[in-house]
Amino acid sequence: QKEVEQDPGPLSVPEGAIVSLNCTYSNSAFQYFMWYRQYSRKGPELLMYTYSSGNKEDGRFTAQVDKSSKYISLFIRDSQPSDSATYLCAMKTLNSGGSNYKLTFGKGTLLTVNP
Amino acid sequence: NAGVTQTPKFQVLKTGQSMTLQCAQDMNHNSMYWYRQDPGMGLRLIYYSASEGTTDKGEVPNGYNVSRLNKREFSLRLESAAPSQTSVYFCASSERAPDYSNQPQHFGDGTRLSIL
């Protein structure tokens, strides 16, 4: 089983739809959870960052973490054509006392929002 | 704001050639990273530099070398390119060392490298 699983899609929705993007993970040492957005031929950009279980909201975006189920989600409300991109989940352990760390990315979900 | 700048944006090499990918950041960040992104594989860490003067291996370091030239610049070298190194290479930086919890990484726009 891979450490982080993310459905690659593609996912196509009409403008205004609510989008749900998900990742599951197997490593219980992951403590920090991030969502990155990557437009075509661009680098990833950080969208949301969470630590604890629960919800975090930022405008139209809501990140949800359920550590007991090892499941994270990103919800996009009132989706816009400009939201069309690949969304990458990323997770991080913390190895205290050393310089090593582990940031693991999902493979990304390609989202298209149709006008 | 330039952020993280990578050069070149595109490159085609022949097997066995060498090449250095350049990366510079203007955010006064301490830590820098090199990733490769392949279809179906996601982003994988090649090397990182927690601070000026230090470098460490990531998940896929074989066939690569790095140099942290100064605080701003972190280069990735392919000594003898192989077709398996065809990929999109991303450089990233973060303000503090990677073992701190809440350090988002800022990415450049990538170098698309093809090796024939």
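Nearest 100 Å² is fine: how much accessible area is buried between A and B, summed over both sides, with a 1.4 Å probe?
Values: alone 6460 and 6240 Å², together 10840 Å².
Summing both chains' loss of accessible area gives about 1900 Å².
Could you do me a favour and compute the accessible area per residue for the protein assembly as shown, 1.4 Å probe, result in Å²? Could you put the intermediate results ahead of the total?
Values: 10840 Å² over 231 residues.
Heavy-atom accessible area per residue stands at 47 Å².
Efficiency by 1/(1 + (r/R0)^6): what FRET value for A:Tyr51 and B:Arg44, r their Cβ-Cβ distance, R0 = 22 Å, to the nearest 0.05?
On the way: r = 24 Å, r/R0 = 1.09.
Once rounded, the FRET efficiency stands at 0.40.
Return the long-range amide H neighbours of B:Gly58 (sequence gap of 5 or more, or a different chain), with a cut-off of under 5 Å between placed amide H atoms.
So B:Gly58 has HN proximity to B:Tyr47, B:Tyr48.
What net charge do the residues around A:Phe61 carry, taking every other residue with its C-beta under 12 Å from that of A:Phe61, with Lys and Arg at +1 and Asp and Glu at -1? Show your work: numbers first, answer last.
Working: positive: A:Arg37, A:Lys56, A:Arg60, A:Arg77; negative: A:Glu57, A:Asp58, A:Asp78, A:Asp83.
Surrounding charge for A:Phe61 is 0.
Rounded if a/c is under 1.5, else prolate if a/b is larger than b/c, else oblate: which is region B:1-41, with a ≥ b ≥ c the root eigenvalues of its Cα gyration tensor?
Prolate is the answer for region B:1-41, as a/c is 1.5 or above and a/b outweighs b/c.
Under 12 Å from the Cβ of A:Ser82, count the other residues' Cβ atoms, weight Lys and Arg +1, Asp and Glu -1, and hand me the total.
Details: positive: A:Arg37, A:Arg60; negative: A:Glu15, A:Asp78, A:Asp83.
It works out to a net charge of -1.
Considering the Cα positions of chain B, please state its Rg to one decimal place and its Dmax as a whole number of Å.
In order Rg, Dmax, the Cα atoms of chain B give 13.3, 41 Å.
With the contact rule set at Cα under 8 Å and sequence spacing of 6 or more, what percent relative contact order holds for region A:1-77?
Contact order relative to length: 31 percent.
A:Lys92: which lysines have alpha carbons under 16 Å from its alpha carbon, excluding same-chain residues fewer than 8 sequence positions away?
Within reach: A:Lys2, A:Lys67, A:Lys70, A:Lys102, A:Lys107.
Taking amide H atoms as placed 1.01 Å from N in the peptide plane, list the residues 5 or more away in sequence, or in a different chain, whose amide H sits under 5 Å from that of A:Leu111.
The list, which skips near neighbours in sequence, is A:Leu11, A:Ala85, A:Thr86, A:Tyr87.
Give the Debye-formula value of log10 I(q)/I(0) at each listed q (0.16, 0.19, 0.24 Å⁻¹), with one equal scatterer per alpha carbon of region A:39-91, two decimals each.
Log-scaled intensity ratios, in q order: -0.52, -0.71, -1.03.
Once the other residues with Cβ under 14 Å from the Cβ of B:Arg68 are scored (Lys, Arg +1; Asp, Glu -1), what is the net sum? Before the final figure, lay out the partial values.
Details: positive: B:Lys57, B:Lys71, B:Arg72, B:Arg77; negative: B:Glu52, B:Asp56, B:Glu73.
Computed value for this residue: +1.
Can you compute 3J(HN,Hα) from phi for each residue in region B:80-89, using the Karplus curve 6.51 cos²θ - 1.76 cosθ + 1.60 with θ = phi - 60°, rounded to whole Hz and x for Gly and Pro?
Couplings: 9, 4, 10, x, 5, 8, 5, 5, 9, 9 Hz.
Mean separation of Cα pairs under 8 Å and 6+ residues apart, divided by the residue count of chain B: what relative contact order is that in percent? Show your work: numbers first, answer last.
Working: 302 pairs, mean separation 41.3, N = 116.
After rounding, I find 36 percent.
From the backbone phi of region B:49-65, what are the Karplus-calculated ³J(HN,Hα) couplings (6.51 cos²θ - 1.76 cosθ + 1.60, θ = phi - 60°) in whole Hz, Gly and Pro given as x?
10, 5, 7, 4, x, 10, 9, 9, 6, x, 6, 10, x, 5, x, 10, 9
Where both partners of a DSSP beta bridge lie in chain B, what percent of those bridges are antiparallel, to the nearest 5? Kindly include the intermediate steps, with their values, before the conclusion.
Working: 34 of 38 bridges.
About 90 percent, rounded to the nearest 5.
The values are calculated or read from the model by the stated rules, or taken from the named source; none is laboratory data. Source: prediction; values computed, not measured. Every residue, glycine as well, gets a Cβ built from its backbone with ideal geometry; the counts of neighbours run over all protein chains shown. Ligands, DNA and RNA are excluded from the accessible area calculation, which covers all protein heavy atoms including side chains. Shrake-Rupley method; radii C 1.70, N 1.55, O 1.52, S 1.80 Å.
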